[in-house]
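A short worksheet on the structure shown next.
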Amino acid sequence: MIFKLENKRLALCAEMLAESHVDHDPRIAADIGADHGYLACALVESGVCERAIAADINPQPLSSAIEHIAQSGLADKIDAVLSDGLENVPQEGVTDVICAGMGGELIAAILSRGEWQKQLRGCTLILQPMTKVDELRRWLFANGWHIMRERACRDGKFVYSVMAAHYAPELIDYPCDGRYLTAGRLDPREPYSAEYISTAAQRMKKAALGRLSAKNGDTAQAEDMLRLAEQLMKEIGE
Ligand SMILES: C[S@@+](CC[C@H](N)C(=O)[O-])C[C@H]1O[C@@H](n2cnc3c(N)ncnc32)[C@H](O)[C@@H]1O
């Protein structure tokens, strides 16, 4: 499916939402940290979602979302909500929750909100963390969220990972080990995933070698990191 989105990161979020099968019909997406509202508009314009909620904690991005929604003629289908995370987002009917372009620890904090837990467990999560990706993966694992699919894309200078997750503790058949925390569920045979894994492995190798040569840290941990970096590089044939 082609979405009207120039930003490749957001386009991948939209694609992954479209390809993650849910029993819900119609689909209503809540985009948390929606900023300009491009993703919510693209999801509704394409017909993948019948309605959407564009939520942001800051009034300025929210007003730019309101403007974009109006320009797209979608004001009757997309609600813009000033909200810290999911706090002011109406739960009823929401089938998909998107958190993109935020830190992994903030995404985990947003998803931890008590009053949303029941509704959230029936939703598909589309997550695109910018930093602390390992913390988000750890949180998902510890809280029963099965990453069904993880894909990567390049946008400008960086490669980003996008995850689609369902609450399904019984389906988690992978360990929360260094491989999972570093490369998640990315398939090393996919070119952008290989690029993501390569970058992560090189960064890890550099950090491990730095620690080993400084001889002032935990040597055993640095050796583990080196082994993992080499294992990841082998996976992608480097
Ligand atoms: C870097 S922008 C990402 C925008 C868009 N999702 C994307 O990926 O391009 C992050 C947005 O998240 C919003 N934000 C930060 N913390 C938030 C929170 N706790 N709840 C809702 N929105 C938040 C910011 O105001 C900002 O508009």
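The values are calculated or read from the model by the stated rules, or taken from the named source; none is laboratory data. Quantities reported herein were computed from a predicted structural model and do not represent experimental measurements. For neighbour counting, all protein chains shown are included, and Cβ atoms are generated from backbone atoms with ideal geometry for every residue, glycine included. With ligands, DNA and RNA removed, areas are computed over all heavy atoms of the protein, side chains included. Shrake-Rupley method; radii C 1.70, N 1.55, O 1.52, S 1.80 Å.
General remarks:
- FRET efficiency, Glu230 to Gln117 (Cβ-Cβ, R0 45 Å, nearest 0.05): 0.65
- Full extension of the chain segment joining His21 with Phe158 gains 46.5 nm, where the gain is 0.36 nm per residue of separation less the Cα-Cα distance.
- Each Lys and Arg Cβ is given +1 and each Asp and Glu Cβ -1; about its Cα centre, the chain then shows a dipole of about 880 debye.
- Between Ile57 and Glu87, the contour length at 0.36 nm per residue exceeds the alpha carbon distance by 9.8 nm.
- With helices as the sole contributors, the chain gives -13000 deg cm²/dmol at 222 nm; each DSSP H run of n ≥ 4 counts as -39500 (n - 2.57), and the sum is divided by every residue.
- Residue pairs, from the table Lys8/Lys206; Lys118/Lys157; Lys77/Lys132; Lys118/Lys206; Lys77/Lys157, whose Cα atoms sit over 31 Å apart: Lys118/Lys157; Lys77/Lys132; Lys118/Lys206; Lys77/Lys157
- Max mean-square fluctuation residue, GNM over the chain, Cα-Cα springs under 10 Å, options Asn216, Asn88, Asn58: Asn216
- Nearest-0.05 FRET efficiency for Met130 and Asp187, computed from C-beta distance (R0 22 Å): 0.55
- Nearest-0.05 FRET efficiency for Ala220 and Lys8, computed from C-beta distance (R0 30 Å): 0.15
- Residue-span extension gain [Glu170 to Glu67] - 0.36 nm each, minus C-alpha spacing: 32.8 nm
- Percent accessible area from carbon and sulfur atoms, the chain, protein chains only, probe 1.4 Å: 50
- Inter-part distance where the range 6-23 and the range 99-149 are each reduced to a Cα centre, Å: 16
- Degrees between helix 59-71 axis and first principal axis of the chain (Cα, 0 to 90, nearest 10): 60
- Heavy-atom accessible area per residue - the chain, 1.4 Å, Å²: 50
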